[in-house]
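Accompanying notes for the structure given below.
The values are calculated or read from the model by the stated rules, or taken from the named source; none is laboratory data. Note that the structure is predicted; figures quoted are calculated from it, not measured. Note that we place each Cβ from the backbone using ideal geometry, even for glycine, and neighbour counts take in every protein chain shown. Accessible surface is based on the protein model in full, side chains and every heavy atom, while ligands, DNA and RNA are left aside. Shrake-Rupley method; radii C 1.70, N 1.55, O 1.52, S 1.80 Å.
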There are 4 protein chains.
Amino acid sequence: MKLIITKNYEEMSTVAAQHVLGYMYKEQRVNLAITAGSTPIRMYELLVLQVKERRYFDNVHFYNFDEIPFVGETGYGVTMKNLDRMFFSPAKIAQQNIHVLTGDNYATQDQRIKADGGLDMILLGLGADGHYCGNLPGTTAFGDETAVVYEDATPEMKEILLQEVGGIPEKRPNFYVTMGPKSVMAARQIVLFATGSHKAEAIKRLVQGGVSEAFPASLLTTHPHLTVIIDEEAAALL
Amino acid sequence: MKLIITKNYEEMSTVAAQHVLGYMYKEQRVNLAITAGSTPIRMYELLVLQVKERRYFDNVHFYNFDEIPFVGETGYGVTMKNLDRMFFSPAKIAQQNIHVLTGDNYATQDQRIKADGGLDMILLGLGADGHYCGNLPGTTAFGDETAVVYEDATPEMKEILLQEVGGIPEKRPNFYVTMGPKSVMAARQIVLFATGSHKAEAIKRLVQGGVSEAFPASLLTTHPHLTVIIDEEAAALL
Amino acid sequence: MKLIITKNYEEMSTVAAQHVLGYMYKEQRVNLAITAGSTPIRMYELLVLQVKERRYFDNVHFYNFDEIPFVGETGYGVTMKNLDRMFFSPAKIAQQNIHVLTGDNYATQDQRIKADGGLDMILLGLGADGHYCGNLPGTTAFGDETAVVYEDATPEMKEILLQEVGGIPEKRPNFYVTMGPKSVMAARQIVLFATGSHKAEAIKRLVQGGVSEAFPASLLTTHPHLTVIIDEEAAALL
Amino acid sequence: MKLIITKNYEEMSTVAAQHVLGYMYKEQRVNLAITAGSTPIRMYELLVLQVKERRYFDNVHFYNFDEIPFVGETGYGVTMKNLDRMFFSPAKIAQQNIHVLTGDNYATQDQRIKADGGLDMILLGLGADGHYCGNLPGTTAFGDETAVVYEDATPEMKEILLQEVGGIPEKRPNFYVTMGPKSVMAARQIVLFATGSHKAEAIKRLVQGGVSEAFPASLLTTHPHLTVIIDEEAAALL
């Protein structure tokens, strides 16, 4: 594991953006799976400045790694809406370079990625409970590839799904889909980033704790090419 | 995972030898950790024919990944004696290319390998109980690096250690050392091979079962670059 | 450059076969361009034994890098006939894994290879005049990609073409096609092999001479990943 | 070749800085050879902001690839003085991470770099005459490794050397040292950048011309991993 401790959120975002860019400057096709959420907001702002309307990134393909559909809506779910707003739209990424994981096609996600040449890098956030992608404690096992997780997977799942769709009961789905631990580990490089003191416990657990399904991200520490980028607040307990 | 099913032990040994040779033909330094035991006997016979007195392999360095010392003896333990007899001596590998793990230096094994540039490949056998290296069920956790395992780690361990030193009580040590799951996963490539119908259950468990510390090798299926080489008998239950 | 000096033709052929096999054992698609001619005869015999009917090589794709058509014949030219007889047929390589360069499609060869992901390795013989593929002195320039070479390229070319088609004037074409120096250098790895005392001067020139279009293979010595495999007779003047 | 055309000098500098950073974020040791001169001024300003006092780059080692000594001075020559002022000093690179090529140690430069694991990347500027490093037309041949070039190598050389040392005759040396074409091609990746309309002819020659020692950089177009970064003015004749 390469551990990078940055001074603050701005530096963390800059370093994460540089990582992503570092993978994009290839001549051959590049496949990146990238994260939605709040951690990457500033990173995507920085990335958009570098990527927008730049034809020399036409070789880069993007994948989302989880999705929560809105009931009664066609089009993107929670994750893709978020990625689209933060990155794909402002960076003007061409549709043919965006490979969408949905509730309909999740069963072939691993196979499609493999046929595309595999993921060069997957960029992950870290939940306080140790989750990454949709791999929350109790929802997936280390051996799982891309999977569907139902509302009864854990006691809190219905509430989580409700919050994800903005608290509107009519829009709450009874499932989501996610690349599983085995799918994520298949990437040639994993980059995980986290910011803030509310992540400090999780980072301590990640770096110093053992490997256990109770803390899903712990598996990632066994990947031969993992980079962890955190700010000083997230590193406070190390 | 790349799964290679060969017709028999001879083909398995040939394919395994070709794998090892494939990593050795580099200009820069190459670091390989290789396995002792009965599975590789024929593979080493084939390798010796190709490697002996060939100066163009001077760039290749070898590591043992576990060791059981003989009480009352100086010099090699069970693993290195075995590797020396099967490969290092007949292949005339130079001493400076052999990096010995012992009960004395295990605490620095991971750090030394990292300073040497990391392992390009680790070649592993598979036990019927799912063990590889000295990672027997109940002895190490997924998060462990190179570690010492004591005789009281499991109920059977004293007996296992006794058998390993030839059944001679005076030579039985009260511990062994082994690279742990995390150390093994840090290799850039993992090759695991198995032969015979008595391994068929373990192979089925490896390929189709989930990931669990109860079957240590299951973790390896999450490595991004794993090759499994087995003969038809070992593949019988797939 | 990694220089491998083997005892004799048999060892050279074995080492060359091991190189080729070392590239074939990948999970992802592998693209190899391989050579016809007399040098590789024994190597292909060895390869056929390892490759024939082995499904675990379904990921490997093969390319010929030059071709001399027979006038008045449809079907393969000199190079592909030779490769087919020595390797593709006896090894039972599937048609969809064989990518044929012809007089008709040479203009798109570089572009097709690039779209396929590029060549992982190109295996080359060496002519006494320093040629490799169809890059004879005076026919191509270092900056050329795949090109057509006409019968008037050099004074000897008509005679060379005649000999290549078996000395039958009616079958002699007025051109051949070849991947050029730049196409060959684009491969991620280059392996060049040579055998016998009649190649000793050329090997000396390759290893110790400078880089000049008068000796086409000299360019290859500037490739970052070149392996040269020769027997003692070919190495006699080093 | 990956050709990146940027809008202007600022974008070219940003993209070049991102390239360099992309290579630096590794866990293992990274070896970079970097260029002095005027083209990289802004790039180094950007790099210093990202690199200064950041411990997570302790794995990165830097090499200069040419040097012009000052007569009568100890300490750095023209290149290292320039690199030190623009980058090493403001970025506070540790001395043990800087590997200095001098008139005294040039004969072992290639061997030392090889022993260090080879160059991961070399960053080059491009002269209007097609030179890179100290490989001016008429001074080195494609087959040369690191070499000394004397004042009588070309008719203009005495004047060039005089200008390089600030026009002070007493400081003018009668030679300089440079990594040669073969040394540069041995790097795993080559990045070449150029800015401004006065480079447009050279860029046209590089991209569309053939390979010839009369235009030294033309050889680089045969490297399997070359990236060229230029602004619109430098691209004007493409």
Given (1) away from chain D (no Cβ under 14 Å); (2) part of a helix (DSSP H, G or I); (3) charged (D, E, K, R), index of the condition residue C:233 fails: (2)
Output for the range A:161-187, where each listed residue is of a type in the set (A, V, I, L, M) and free of Cβ contacts under 8 Å to residues at least 24 places away in the same chain: A:162, A:168
Matching residues, the range D:214-224, being under 14 Å from the mean Cα position of the chain (by Cα) and either facing chain C (nearest Cβ under 9 Å) or not aliphatic (A, V, I, L, M) (or both): D:216
Members of the range C:32-53 that are open to solvent by less than 30 Å² (accessible area, probe 1.4 Å), over 19 Å from residue B:47 (Cβ atoms) and within 12 Å of another protein chain (Cβ to nearest Cβ): C:51
Search result, residues across the range C:107-126 that are surrounded by fewer than 20 Cβ atoms within 10 Å (Cβ to Cβ) and assigned to a loop (DSSP other than H, G, I, E, B): C:116, C:117, C:118, C:120
Checking residue D:49 against (1) under 27 Å from residue A:227 (Cβ atoms); (2) of a type in the set (A, V, I, L, M, F, W, C); (3) in contact with a helix residue (DSSP H, G or I) (Cβ under 7 Å, 6 or more places away or on another chain), the condition it does not meet: (3)
Qualifying positions in the range A:128-138 - under 21 Å from residue A:19 (Cα atoms) and either surrounded by fewer than 19 Cβ atoms within 10 Å (Cβ to Cβ) or within 11 Å of chain B (Cβ to nearest Cβ) (or both): none
Enumeration of residues in the range C:157-186 that are farther than 23 Å from residue C:41 by Cα and outside any helix (DSSP H, G or I): C:168, C:172, C:173, C:174, C:175, C:180, C:186
Close pairs (9 angstrom Cβ cut-off, 6 or more residues apart or separate chains): on the phi > 0 side of the Ramachandran plot in the range C:44-68, buried (at least 17 other Cβ atoms within 10 Å of the Cβ) and not in a helix (DSSP H, G or I) anywhere: C:53/C:91
Positions within the range B:56-84 being β-branched (Val, Ile, Thr), open to solvent by less than 40 Å² (accessible area, probe 1.4 Å) and assigned to a loop (DSSP other than H, G, I, E, B), in sequence order: B:68
Close pairs from the range C:210-238: first within 13 Å of residue D:142 (Cβ to Cβ), partner in a loop (DSSP other than H, G, I, E, B) and hydroxyl-bearing (Ser, Thr, Tyr), Cβ under 9 Å, at least 6 apart: C:213/C:140; C:216/C:139; C:216/C:140
Residue check for residue D:29: under 16 Å from the mean Cα position of the chain (by Cα) and more than 10 Å from chain A (Cβ to nearest Cβ): no
Residue count, the range B:176-191 (criterion: open to solvent by less than 10 Å² (accessible area, probe 1.4 Å) and closer than 20 Å to residue A:225 by Cα): 9
Residue match in the range B:198-213 (condition: facing another protein chain (nearest Cβ under 9 Å), open to solvent by 10 Å² or more (accessible area, probe 1.4 Å) and either touching a Lys or Arg at 6+ places or on another chain (Cβ under 9 Å) or of a type in the set (A, V, I, L, M, F, W, C) (or both)): yes
Matching residues in the range C:139-159 - criterion: being free of Cβ contacts under 8 Å to residues at least 40 places away in the same chain and open to solvent by less than 60 Å² (accessible area, probe 1.4 Å): C:139, C:143, C:144, C:149, C:151, C:153, C:154, C:157
The range B:196-230, residues that are within 18 Å of residue B:9 (Cβ to Cβ) and either in contact with a Gly (Cβ under 9 Å, 6 or more places away or on another chain) or in a strand (DSSP E or B) (or both): B:199, B:202, B:227, B:228, B:229, B:230
Selection count, the range C:1-26, where residues are within 27 Å of residue A:188 (Cα to Cα), more than 8 Å from every other protein chain (Cβ to nearest Cβ) and free of Cβ contacts under 8 Å to residues at least 40 places away in the same chain: 1
Filter result (basic (Lys, Arg) and farther than 22 Å from residue C:118 by Cβ) within the range A:105-119: none
Some residue of the range A:182-195 being within 23 Å of residue A:109 (Cβ to Cβ), away from every other protein chain (no Cβ under 14 Å) and not aliphatic (A, V, I, L, M): no
